[in-house]
1. For region 117-148, how many residues are closer than 29 Å to residue 227 by Cα, touching a Leu at 6+ places or on another chain (Cβ under 9 Å) and of a type in the set (A, V, I, L, M, F, W, C)?
2. Take region 334-356 and flag every residue that is touching a strand residue (DSSP E or B) at 6+ places or on another chain (Cβ under 7 Å) and hydroxyl-bearing (Ser, Thr, Tyr).
3. Write out, first by first residue and then by second, each pair whose Cβ atoms fall under 7 Å of each other, whose residues are 6+ apart or on separate chains, and whose first residue, in region 227-250, is touching a residue at least 24 places away in the same chain (Cβ under 8 Å) while the second is basic (Lys, Arg).
4. Go through region 386-408 residue by residue and tally those that are surrounded by fewer than 18 Cβ atoms within 10 Å (Cβ to Cβ) and not in a helix (DSSP H, G or I).
5. Is it true that some residue in region 440-453 is touching an Asp or Glu at 6+ places or on another chain (Cβ under 8 Å) and more than 18 Å from residue 367 (Cα to Cα)?
6. Please work out if residue 411 is open to solvent by 20 Å² or more (accessible area, probe 1.4 Å), touching a Gly at 6+ places or on another chain (Cβ under 6 Å) and either in a loop (DSSP other than H, G, I, E, B) or not small (Gly, Ala, Ser) (or both).
7. Quick one: in region 312-339, of everything that is within 16 Å of the chain's Cα centre (by Cα) and either open to solvent by 10 Å² or more (accessible area, probe 1.4 Å) or closer than 21 Å to residue 358 by Cα (or both), which residue is modelled with the lowest pLDDT?
8. Pairs, please: C-beta under 6 Å, at least 6 apart or cross-chain, first residue touching a residue at least 24 places away in the same chain (Cβ under 8 Å) and in region 12-23, second outside any helix (DSSP H, G or I) and of a type outside the set (A, V, I, L, M, F, W, C)?
Amino acid sequence: MIALTVAQIAEIVGGELVDISPEAAADLRVTGTVEFDSRKVASGGLFLALPGARADGHDHAAAAVTAGAVAVLAARPVGVPAIVVRPDATAARRASVLEHDTDGSGAAVLAALAKLAAAVAAELVAQGLTIVGITGSSGKTSTKDLLAAVLAPLGEVVAPPGSFNNELGHPWTVLRADENTDYLILELSARHPGNIAALAAIAPPTIGVVLNVGTAHLGEFGSRQAIADTKAELPQAIPQSGVVVLNVDDSAVAAMADKTAARVVRVSRQPAHVWAGPVTLDELARPQFTLHAGDRAVDVGLAVHGDHHVSNALCAAAVALECGATVDQVATALASAHPVSQHRMRVTSRDDGVTVIDDAYNANPDSMRAGLQALAWMARGQRRSWAVLGEMAELGEDAISEHDRIGRLAVRLDVTRLIVVGTGRSMSAMHQGAVMEGSWGGEASIVADADAALALLRSELQSGDVVLVKASNAAGLGALADALMAPADGDAR
């Protein structure tokens, strides 16, 4: 973050100085990072006091100051220098990204954080910062990682770690940028209409990217059209002087060209502004294709796994080209861009010959299909394949039918063994879908939890097997994937 005095921050967020005099606040400068985890506070930082599942950040304010925080951004006095923003009735009633925000204190602190991020973003943009916003039902985090890699040769890049893309993670990421940052990459997610527009207002992008419109969060939105309308909030937020990159292989995304005043760059697997020639996959499902842009064509081999990454790479390439990269630079950067974020299509080959595909952070029907297709390709009838699948969250009334479809797809793709993790209605539907589709010889199993799945795998995995672990993060299969990466004695025979 750019250096600001405590007094300046208080003025920006409309907060009250508590346990610090105006004179001291005018002299005391925040020169470090803004943190909501007191264990990560460093010298010169600002601590955010937020309610959590197990603890309230207000109770850790003193520890944060002891660790080096200059002050605390809080919703009530905390006994140490603080900028206090008071909750009001509106904030208390407002739905918050913080599940445990029962009194509106978290909403008040998040609103102040957004104001601080907006002020910092405006100052940095005036100094030449380029902000890139990415949205889509799936692939945001993977595309963010690819884009960070292709922009790195052009200047200093700040991008969110993992999926920091909501009312907390978005402004927190903005505040990682400073005077030395050339490119700020932001993910914009949504649980409700208006979320993306609100995030875009905090740090207005000059380049916007829309990847796809799927069925993630269908239970929240009610229809795919409602999801499309919400994703379109990003291109609508891009100024006329900016650029919108659209994956026009998705018809709902292609239609957004009519909803923006900005210049549109189309990416596709068919001839477009930036496009991919015939795509082939190597033995680990890493795509290879010819990247076309203008009159240039360069062969590209991606280091990430899965055919679905082609459109992600094209979008990253289009942004980099708009920022001044050459086609050759883009191809070179994409070839060495490995997965960065945890539990995102990370492929590990163990010493015993077992290959683990860890995609356990997120899942929706589209990404689940992509993961299963990558698994099937890696196995190709020559290796035993295992799909260890947990629940896809937030699908609403379509949850049963969508889980049923995934179970059936696993059978159609000839997955050797399906392990369904969880005993809720959705997981029962996935298991039953596989059985009804033809899994009659015990190929499909349903187990209570990740521990039971791990025990089954450790008893039956053989050298050469390929294992996909995929679910929404709430299913907790990340720990299962981690355990599989380091085989226990006797794991494979």
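The values are calculated or read from the model by the stated rules, or taken from the named source; none is laboratory data. What you see is a predicted model, and the numbers here were worked out from it, not measured in a lab. Cβ placement follows ideal geometry from the backbone for every residue including glycine, while neighbour counts extend to all protein chains displayed. Protein only, heavy atoms only, side chains kept; ligands, DNA and RNA dropped before computing areas. Shrake-Rupley method; radii C 1.70, N 1.55, O 1.52, S 1.80 Å.
1. Number satisfying all stated conditions: 6.
2. 348, 349, 355, listed by residue number.
3. Partner pairs satisfying both residue conditions: 232/259; 235/259; 236/259; 243/263; 246/266; 248/266; 249/269.
4. Of the residues in region 386-408, 1 are surrounded by fewer than 18 Cβ atoms within 10 Å (Cβ to Cβ) and not in a helix (DSSP H, G or I).
5. Within region 440-453, not a single residue is touching an Asp or Glu at 6+ places or on another chain (Cβ under 8 Å) and more than 18 Å from residue 367 (Cα to Cα).
6. Criteria met by residue 411.
7. Looking at the filtered set, the residue picked out is 339.
8. 18/77; 19/81; 20/81
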